[in-house]
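The values are calculated or read from the model by the stated rules, or taken from the named source; none is laboratory data. Bear in mind that the values here come from a model prediction, so they are computed numbers and not experimental data. Cβ: placed from backbone, ideal geometry, glycine included. Neighbour counts: every protein chain shown.
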Amino acid sequence: MPITEFATFQINTAITSDPLPTLFKRVQESQSSWSSYPVLFYSDVTRSSSSSTIYLISGWESVAAHQKWIESAENQELLKLFKPYLQITGFSHLTLDFNEFQKGVSSDPEGLLAVKNGQVQCDLGEPLWTGQGYDLEDDSGPLFQFAFYRGAEQATSKDGTLLMKRVPEF
């Protein structure tokens with residue numbers, strides 16, 4: 001079963017500012033080529049439109065396969081290029097099957113993804129898809145809950161649930 005990578009980036013400039021679009025596109029192409037899974041980016045819709053938090057969600061055959069990518073010269077070069085613009089503030093390998101995640105979120109390109117360490121709580125009705133996964137490297141860690149909803153103009157979350165919208169392709 002493929003695992004799911006869930007990473008959080010804090011960005012210190014607008015995501016549309018050069019060279020970020022080019023760098024994010026390069027990450028998508030390079031990492032996807034390495035792992036054979038798409039790299040998806042999301043932004044937090046519960047914050048202002050200039051939110052400086054971006055989430056990366058992708059698949060890997062195993063933690064070891066991802067570790068090889070992390071250590072690769074190609075990834076190390078990308079990390080150097082990104083260093084002036086972002087900081088990795090969160091990172092987990094989840095037991096959530098990435099193939100199931102991808103099927104679940106592909107039903108609506110404008111959909112909203114809700115994520116929480118614990119029970120997802122928001123006012124969007126019944127989700128189109130739900131999934132969950134534990135952090136493979138934190139035995140005592142929380143269960144990450146995911147829920148995917150049809151897109152909504154206004155949405156609120158409760159109790160720390162993140163609401164995210166997919167960032168259009170770079």
Considering only segment 130-146, state which residues are in a strand (DSSP E or B) and at pLDDT below 90.
-> LEU143
One residue from PRO84, PRO109, PRO127 being in contact with a strand residue (DSSP E or B) (Cβ under 9 Å, 6 or more places away or on another chain), loosely packed, with under 13 Cβ neighbours inside 10 Å and in a loop (DSSP other than H, G, I, E, B) = PRO109
Is it the case that segment 89-98 has a residue that's at pLDDT 90 or above, of a type in the set (Ser, Thr, Tyr) and under 24 Å from SER52 (Cα atoms)?
-> yes
Pairs, please: C-beta under 7 Å, at least 6 apart or cross-chain, first residue at negative phi and in contact (Cβ under 8 Å) with a residue 60 or more places away in the chain and in segment 51-80, second in a strand (DSSP E or B) and of a type in the set (Ser, Thr, Tyr)?
-> ILE54/SER43; TYR55/THR8; TYR55/TYR42
State whether one or more residues within segment 8-19 are touching a Gly at 6+ places or on another chain (Cβ under 7 Å), in contact (Cβ under 8 Å) with a residue 12 or more places away in the chain and within 17 Å of ASN99 (Cβ to Cβ).
-> no
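Kindly evaluate GLY104 against the criterion of being under 18 Å from TYR55 (Cα atoms), assigned to a helix (DSSP H, G or I), touching a Phe, Trp or Tyr at 6+ places or on another chain (Cβ under 6 Å) and modelled with pLDDT of 90 or more. Reasoning before the result, please.
Details: under 18 Å from TYR55 (Cα atoms): yes; assigned to a helix (DSSP H, G or I): yes; touching a Phe, Trp or Tyr at 6+ places or on another chain (Cβ under 6 Å): yes; modelled with pLDDT of 90 or more: yes.
So GLY104 fits the description; yes.
Specify the residue that is modelled with the lowest pLDDT; the eligible residues are those in segment 1-15 that are β-branched (Val, Ile, Thr) and under 18 Å from the mean Cα position of the chain (by Cα). Walk me through it before giving the result.
First, the residues of segment 1-15 that are β-branched (Val, Ile, Thr): 3-4, 8, 11, 13, 15.
Still in the list and also under 18 Å from the mean Cα position of the chain (by Cα): 3-4, 8, 11, 15.
On the way: ILE3: 97, THR4: 98, THR8: 95, ILE11: 93, ILE15: 82.
Among residues in segment 1-15 that are β-branched (Val, Ile, Thr) and under 18 Å from the mean Cα position of the chain (by Cα), the one modelled with the lowest pLDDT is ILE15.
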Determine whether segment 114-122 contains at least one residue that is exposed (fewer than 14 other Cβ atoms within 10 Å of the Cβ), over 13 Å from the mean Cα position of the chain (by Cα) and farther than 17 Å from LEU163 by Cα.
-> no
Hey, any hits in segment 23-30 for a residue that's of a type outside the set (Val, Ile, Thr), surrounded by fewer than 13 Cβ atoms within 10 Å (Cβ to Cβ) and within 18 Å of GLN132 (Cβ to Cβ)?
-> no
Of (1) in contact (Cβ under 8 Å) with a residue 60 or more places away in the chain; (2) outside any loop (DSSP other than H, G, I, E, B); (3) of a type outside the set (Val, Ile, Thr); (4) buried (at least 16 other Cβ atoms within 10 Å of the Cβ), ASN99 satisfies every one except (4)
